[in-house]
Amino acid sequence: MSRLTNKPAISGAAGAPGGSTVRPSSAEGTKRFTRIVGLVTAVVGGALVAAPARVGPVMALTNPTATRLIGLADLALVPGLVVGRHQWPWLAGRAVLNLVIAGHLLALARDAERPRFPRAVAAAFGAITIGDIRSTAALRRHATDDRHPAR
């Protein structure tokens, strides 16, 4: 906790104690962040469904059918991320989907002529997953706090 407010300190900020990661300072900030993630997911998912042969290769996805399925899975998560009462299950689902995509990319890398690109994209999905898991935990913690207010 910060000495001046009741909000947690943001690690990694100038003068913040320990750590190098950024933690949302409020439940509303985390929910807002999740809505933005949902909107980005909608754009990417829509592009993967609408133009898999054009957009897929940008993400190292070479099979249009698999690319379209990934886009549809993304789009299925959007309503819960953007307007869901409890967003954490949807964000957890996105984290799982990210790991599935990363695994698919690593499998593609085995047969690729230039395996570095799919591996790099898989690593990016891994990094995104870490952020999704941290945000999922924060949202779940806030949901639990809302159910059991302090006396």
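Could you list all residues from the range 108-134 that are among the hydrophobic types (A, V, I, L, M, F, W, C) and in contact with a helix residue (DSSP H, G or I) (Cβ under 6 Å, 6 or more places away or on another chain)? Scanning the range 108-134 gives Leu108, Ala109, Ala112, Val121, Ala122, Phe125, Ile128, Ile133. Kindly establish whether Val43 is part of a helix (DSSP H, G or I) and either of a type outside the set (Gly, Ala, Ser) or modelled with pLDDT of 95 or more (or both). In short, yes. Residue count for the range 47-88 under the criterion of being under 29 Å from Ala27 (Cβ atoms) and crowded, with 16+ Cβ neighbours inside 10 Å: the result is 11.
The values are calculated or read from the model by the stated rules, or taken from the named source; none is laboratory data. In this text the structure is predicted, and so the values were computed from the model without any measurement. A quick note on method: Cβ atoms are made from the backbone with ideal geometry, for glycine too, and the neighbour counts reach across all protein chains shown.
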